[in-house]
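Structure first, commentary second.
The values are calculated or read from the model by the stated rules, or taken from the named source; none is laboratory data. From a predicted model like this one, the values you see are computed outputs, not experimental measurements. No Cβ is skipped: glycine too gets one built from the backbone with ideal geometry, and neighbour counts run over all protein chains shown.
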Amino acid sequence: MTTHAVTRILDRDRTRPPASLQFIPLVAFASALALALAPAAAHAQRPPGEEMARQQLIERAQAAHQSGAHADALGLAQRAAQIRKTPTLLLFIAQEQEELGQYADAYAYAQQCAREAELDPEAKLRDKAIERCRSLASGLKGRISYVVVNAPNPPAGLSIRLSGQQLNQAAIGVPYVITPGKVSVEATAPGRVPYRLEIDVPEAKTVNVTVSLAPEATPTPCPANQRPDGAGRCVNDSCRPGMLPAAEGASCCWPGQAWDEAARNCVGAPRCPEGTEPSGNTCIARRAAASAPPASAAESAPFHERAKLKPQAIAVAAAGVAALATAGIVWLVSNGRFNDLKSACNDLDGCTPAYREDKVNGILRLDKWAAGFAIGGAAAVGAAAVLQWAWPREPEARQARLVIDPMNQALFVRGRF
């Protein structure tokens, strides 16, 4: 198998030679080095199809490099490394990353290239491979930078990203290799305000960043009948009857009033709706008219004297109770006759149509009498209650009125009995 390790940077100083002199093809060296460093057991364990696919990817990466398409060459070489890594292939990847300005990644691959070569002491050209990998890593060391992310008292669930890359928890407080330039540091944790910082990291410098996540503010609950609007304000879902929305829905005012932002209140004389009356800066239910003075000594008597049972109410109540009792007796008689009819009609010979019709008509008449007594008895009991508690002794004492309360959405009768 032939592997193409294609490039080697000649000048590692700040001054770079012309593009035509920067890279020297090393096809012969790469081929021999790849054969020397690839263990025979690995070839035996790899399916032939995978090795062929890997070889094709390497050849395409070599062609892309020769045409100057370094991004394509890098992608193809990384795909080949997923099948099998060799020091020369890692060296190729590191050189392409350097061309693309990815110095941190190139430095990591160059170091890995040297380690892979050191792990195979029997490989031919091993010393040459180690030399080239170390030389590339040494040249890149002056072009990389470091970021140290410190997180004193880290909260539970802390997650940190450097320019979109997740930072391992073990790397917190340790210098992290990065490519110089703009670097973003983002940190999140449950119940904490997200942290974000963007910094310019100079070449060959170490920058320290301290991440501190403040606890999230607890939202202030809104009063009753209000809800948060997403902008930290409480707004009314609905205003009380007769009021109108004000302050962009955050409050309500009566007609005729305006919202004063400085005073955080409604100002102006309210125009109160029907059934209410002004009370300062708001509207309240209209008060009932004052009661007239007692027309007689009976009206000024203590409550317990006026609450005594009245003879008229007792008589009417007694009649009602008697009617209800009569209704119960008639119903029991009707129910007994119905049971007799059922028993008689169990024998089909003794239950003629004329007999059954006569019995049924009698039962229906009894039911009608029972219903009449029940209705009359209930009416009499109700009339007794009215006579006792609702009917005044003198006409002048009757005071009752219909009151509408729009604030409480109520309609009720107010009076004195």
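Of the residues in region 23-37, not one is buried (at least 19 other Cβ atoms within 10 Å of the Cβ), aliphatic (A, V, I, L, M) and at pLDDT 85 or above. Just one of 100, 162, 91 is in contact with a helix residue (DSSP H, G or I) (Cβ under 8 Å, 6 or more places away or on another chain) and surrounded by 17 or more Cβ atoms within 10 Å (Cβ to Cβ); which is it? From the options 100, 162, 91, the qualifying one is 91. Starting from region 363-389, keep only residues that are of a type in the set (Gly, Ala, Ser), then list their pairs with residues that are crowded, with 17+ Cβ neighbours inside 10 Å and not in a helix (DSSP H, G or I) whose Cβ atoms are within a distance under 6 Å, requiring at least 6 positions of separation or different chains. Final answer for the pair search is none.
Of the residues that sit in region 267-289 and are assigned to a loop (DSSP other than H, G, I, E, B) and aliphatic (A, V, I, L, M), which one is modelled with the highest pLDDT? So the residue we want is 269.
Do you know which residues across region 144-176 are touching a Lys or Arg at 6+ places or on another chain (Cβ under 6 Å) and over 24 Å from residue 109 (Cβ atoms)? If the condition is that a residue be touching a Lys or Arg at 6+ places or on another chain (Cβ under 6 Å) and over 24 Å from residue 109 (Cβ atoms), then 155 is the only one that fits. The condition of being at pLDDT 70 or above, among the hydrophobic types (A, V, I, L, M, F, W, C) and either surrounded by 15 or more Cβ atoms within 10 Å (Cβ to Cβ) or more than 30 Å from residue 322 (Cβ to Cβ) (or both) holds for only one of 413, 381, 403, 360, that being 381.
When residues of region 179-221 are filtered for being part of a strand (DSSP E or B), farther than 25 Å from residue 153 by Cα and not acidic (Asp, Glu), how many remain?
First, the residues of region 179-221 that are part of a strand (DSSP E or B): 181-188, 192, 195-201, 206-210, 215.
With farther than 25 Å from residue 153 by Cα added as a condition, the list becomes 181-182, 200-201.
Then keep just the ones that are not acidic (Asp, Glu); that gives 181-182, 201.
The qualifying residues number 3.
Of (1) more than 26 Å from residue 172 (Cα to Cα); (2) part of a helix (DSSP H, G or I); (3) at pLDDT 90 or above, residue 107 satisfies all except one. Which? Status for residue 107: all satisfied but (1). Looking only at residues in region 110-123 that are among the acidic types (Asp, Glu) and part of a helix (DSSP H, G or I), which one is surrounded by the fewest Cβ atoms within 10 Å (Cβ to Cβ)? So, considering only residues that are among the acidic types (Asp, Glu) and part of a helix (DSSP H, G or I), the one surrounded by the fewest Cβ atoms within 10 Å (Cβ to Cβ) is 118.
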